[in-house]
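Participant: Have a look at this one before I ask anything.
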Amino acid sequence: MRATCWMGKESVSVENVPDPRILNSGDAIVRITTTAICGSDLHLYGGFVPSMEKGDILGHEFMGEVVEVGRNVRKLKKGDRVVVPFPIACGQCTACQRGLTSLCENSNPNAWMAEKMWGFSPAGIFGYSHLTGGFAGGQAEYARVPFADIGPIQVPEGLTDEQVLFLSDIFPTGYMAAENCGLRGGETVAVWGCGPVGLFAIQSAYLLGAGRVIAIDRFPERLAKAKNSCGADVLNYEAVDVREALEEMTGGRGPDHCIDAVGMEAHMPGVEHAYDRVKQALMMETDRPMALRQAILACRNGGTISVAGVYGGFIDKFPMGAIVNRALTIKSGQTHVHRYLQPLMERIQKGEIDPSFVISHRLSLDDAPEAYRTFRDKQDSCIKVVLKPNASPAA
Amino acid sequence: MSDAIHVRKAITVRRPIGEVYRAWENFTEFPRFMAYLDSVENTGPRISHWRAHEPGGNSLEWDAEVTEHEPNTVIAWRSLEGGDLNHSGKVKFREAPMQQGTEVLVEMYYAPRSGGLAGLIGRLSGNDPTQVVQQDLRRFKQVMELGEVVRSDASIHEKMHAAQPSEEPVAVNQ
């Protein structure tokens with residue numbers, strides 16, 4: 001099959017690789033109909049996530065048709081049309097039983113590696129380095145999906161791929177980020193980052209009862225999308241002083257809660273390869289986590305900083321004094337996608353939201369190398385790229 | 001002996017204490033989750049014969065006897081004279097709080113038999129024998145909670161491999 005493979009820093013290519021096969025009795029094989037490139041894939045592309053190997057298949061946002069099931073699969077059948085959540089969850093461990101599927105205790109065969117970086121290991125993830133298990137990703141024609149009865153959700157009749165694909169990651173991610181603010185109704189929420197996750201966070205904050213959402217970015221097309229598609233008030237941080245603007249807009253109080261949908265800057269310098277160096281403290285030359293620091297300082301006393309953006313290692317100059325002295329709460333985590341699939345699918349069916357609004361580019365799998373560059377550089381008003389394995393490549 | 005390795009590791013398994021205890025009583029199943037262990041046979045009351053291999057292919061064999069066993073509390077064994085490895089193990093069991101299952105605390109001891117040999121586990125794992133024991137425990141947890149060891153496209157290979165499908169046979173215990 002053809003698959004988008006990481007070949008080195010800033011190098012991806014679509015290669016011919018063997019088709020996936022059943023490795024565990026609960027697996028299914030999915031023929032992928034639509035997939036996407038995530039903002040966090042750009043960290044892999046940029047060489048900033050350790051433990052990548054040449055040939056790793058990328059991609060963790062994918063959906064398609066079940067073509068084969070393992071002998072212990074009971075719910076899914078060949079022919080079912082499914083969206084696959086990006087964290088891999090066994091369903092049986094204590095974390096999964098508590099609904100914390102991105103913390104599955106069993107699904108990372110390389111747990112030892114993650115432990116060295118983070119203390120304990122989270123769940124395995126599709127296509128996201130050997131730190132999270134070395135699972136092949138879904139920017140490909142087929143994917144092997146472990147725990148097929150636990151993860152994938154069937155797509156109801158009448159919904160297109162583009163309407164449901166983002167249940168795999170970015171819609172639940174934005175939703176969980178908003179949910180983590182603990183909204184009671186009427187609050188003002190500020191969102192740093194108007195990329196796809198930020199846009200879903202804005203939408204979700206309104207769905208969850210926020211009175212006002214203020215969105216911060218610098219790219220005109222992203223600010224326009226936040227304003228026109230999501231109803232946010234927007235601030236361009238290259239044009240205004242964000243903290244001053246936020247204070248003025250909130251009567252001097254600050255936003256009640258703040259969402260960081262920016263995360264580790266894409267030009268965060270590389271870290272040493274985890275296989276060799278994981279036991280040492282990672283001496284990362286850090287870029288200043290501008291959005292996070294600003295969110296902390298800008299937040300109203302007693303508020304929550306909800307961190308959706310991906311961070312990998314360590315940051316410096318962290319305003320711990322602000323956290324302690326002003327009773328701020330930090331909430332974060334990789335999304336527990338599984339618990340949001342059904343409720344958010346229902347919202348899509350009811351027409352409360354059409355997630356396809358974030359899509360700016362529709363390309364074929366073979367366009368992936370070009371697409372990574374376009375997405376990274378935000379050229380051509382790029383916001384979100386979806387890839388179809390069977391489409392013809394762009395001219 | 002300076003090459004001796006003493007490892008203590010704990011894991012919580014979401015299964016009842018009786019089931020977990022019986023799994024550790026059943027030495028013949030250990031190769032399902034213990035790295036480099038090929039087989040364990042019961043050869044008499046309290047006596048068993050163990051076979052393992054090093055990555056390079058060298059095989060090792062030894063006999064062991066059960067030294068302690070108290071249901072749902074502890075099971076312990078040690079190797080007998082004359083084998084390739086000096087090894088003992090002790091496993092303690094405790095109910096975990098909040099209905100989370102069973103806490104398993106494992107102590108493993110390995111020492112080389114003849115001079116000049118690095119301990120089996122030490123050599124296999126580089127500098128971190130704790131890691132091998134911990135991986136064994138993780139695989140034990142998977143076997144108990146899921147019925148099989150969880151595999152990824154990369155982990156099925158003994159050596160480093162890209163995260164993509166392959167047609168090679170799956171390595172044992174991977």
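Participant: Considering only A:Phe200, A:Phe166, A:Phe219, give the residue with the highest GNM mean-square fluctuation for chain A, with springs between Cα atoms whenever their separation is below 10 Å.
Facilitator: Largest GNM mean-square fluctuation: A:Phe219.
Participant: Which value, in debye to the nearest 20, describes the size of the charge dipole of chain B about its Cα centre when Lys and Arg Cβ atoms bear +1, Asp and Glu Cβ atoms bear -1, and nothing else is charged?
Facilitator: Details: 19 positive and 25 negative charges, 100 e Å.
Using Cβ point charges on Lys, Arg, Asp and Glu, chain B gives about 480 debye.
Participant: If you take the accessible area of A alone, add that of B alone, and subtract the area of the pair, what total do you get in Å², probe 1.4 Å, to the nearest 100?
Facilitator: 2900
Participant: If each DSSP helix of 4+ residues adds -39,500 (n - 2.57) and the sum is divided by the residues in chain B, what number results at 222 nm, nearest 500 deg cm²/dmol?
Facilitator: -5500 deg cm²/dmol
Participant: Rounded, prolate or oblate: which fits chain B, taking a ≥ b ≥ c as square roots of the Cα gyration tensor eigenvalues, rounded meaning a/c under 1.5, else prolate when a/b beats b/c?
Facilitator: oblate
Participant: What does the charge dipole of the protein assembly as shown about its Cα centre add up to, to the nearest 20 debye, if the Cβ of each Lys and Arg holds +1 and the Cβ of each Asp and Glu holds -1?
Facilitator: For this selection, approximately 1020 debye.
Participant: Below 17 Å, Cα to Cα, which aspartates and glutamates can A:Lys384 reach? Residues fewer than 8 away in the same chain don't count.
Facilitator: A:Asp41, A:Glu61, A:Asp161, A:Glu162, A:Asp169, A:Asp217, A:Glu221, A:Asp354, A:Asp366, A:Asp367, A:Glu370
Participant: Over chain A, what is the mean sequence separation of C-alpha contacts under 8 Å (at least six apart), divided by residue count, expressed as relative contact order in percent?
Facilitator: 18
Participant: A further question follows. What's the FRET efficiency of B:Asp63 with B:Glu158 using the Cβ-Cβ distance as r and R₀ = 22 Å, to the nearest 0.05? Can you show the working numbers first?
Facilitator: Values: r = 27 Å, r/R0 = 1.25.
Taking R0 as 22 Å, the efficiency between B:Asp63 and B:Glu158 is 0.20.
Participant: Keeping all protein chains in the complex and leaving out DNA, RNA and ligands, what accessible area do you get for A:Met7 with a 1.4 Å probe, in Å² to the nearest 10?
Facilitator: Approximately 60 Å² of A:Met7 is accessible to the 1.4 Å probe.
Participant: So for B:Thr12, A:Thr4, what's the accessible-area order with a 1.4 Å probe, most first?
Facilitator: Most to least solvent-accessible, the answer reads B:Thr12, A:Thr4.
Participant: If each DSSP helix of 4+ residues adds -39,500 (n - 2.57) and the sum is divided by the residues in chain A, what number results at 222 nm, nearest 500 deg cm²/dmol?
Facilitator: -7000 deg cm²/dmol
Participant: Hey, which of these cross-link pairs are over 22 Å Cα-Cα: A:Lys116/B:Lys9; A:Lys9/A:Lys378; A:Lys331/B:Lys141; B:Lys9/B:Lys90; A:Lys225/A:Lys378?
Facilitator: Result: A:Lys331/B:Lys141 exceed 22 Å.
Participant: With a 1.4 Å probe and all protein chains left in place, how much of the accessible area of chain A comes from carbon and sulfur atoms, in whole percent?
Facilitator: Roughly 47 percent, rounded to a whole number.
Participant: May I pose another question? Could you do me a favour and compute the accessible area per residue for the protein assembly as shown, 1.4 Å probe, result in Å²?
Facilitator: Working: 23330 Å² over 569 residues.
Accessible surface, normalised per residue, equals 41 Å².
Participant: Leaving out ligands, DNA and RNA but keeping every protein chain, what accessible area does B:Glu41 have, in Å² rounded to the nearest 10, with a 1.4 Å probe?
Facilitator: Around 80 Å² of this residue is reachable by solvent.
Participant: Expected output is a single nm value to one decimal: the length gained when fully extending between A:Glu247 and A:Arg98, i.e. 0.36 nm times separation in residues minus the C-alpha distance. What is it?
Facilitator: Numbers: separation 149, 0.36 × 149 = 53.64 nm, distance 3.88 nm.
Length difference between fully extended and current span is 49.8 nm.
Participant: Could you tell me which of rounded, prolate or oblate describes segment A:149-275, using a ≥ b ≥ c as the square roots of the eigenvalues of the alpha-carbon gyration tensor, with rounded for a/c under 1.5 and, failing that, prolate when a/b is larger than b/c and oblate otherwise? Don't jump to the answer; show the numbers that get you there.
Facilitator: Working: a/c = 1.81, a/b = 1.27, b/c = 1.42.
Since a/c reaches 1.5 but b/c is at least a/b, the shape of segment A:149-275 is classed as oblate.
Participant: Do any trypsin sites (Lys or Arg not before Pro) in segment A:305-357 lie in a DSSP loop with no more than 13 other beta carbon atoms within 10 Å, and if so, which?
Facilitator: Counting only loop positions with at most 13 other Cβ atoms within 10 Å, the trypsin sites (Lys or Arg not before Pro) in segment A:305-357 are A:Lys317, A:Lys350.
Participant: Using 0.36 nm per residue, how much length does the chain from B:Arg94 to B:Glu29 gain when fully extended, once their Cα-Cα distance is taken away?
Facilitator: Working: separation 65, 0.36 × 65 = 23.40 nm, distance 2.12 nm.
Extra length available between B:Arg94 and B:Glu29 comes to 21.3 nm.
The values are calculated or read from the model by the stated rules, or taken from the named source; none is laboratory data. As the structure is a computational prediction, the values presented were derived from the model and not from experiment. Note that we place each Cβ from the backbone using ideal geometry, even for glycine, and neighbour counts take in every protein chain shown. Surface accessibility is based on the protein's heavy atoms, side chains included, excluding ligands, DNA and RNA. Shrake-Rupley method; radii C 1.70, N 1.55, O 1.52, S 1.80 Å.
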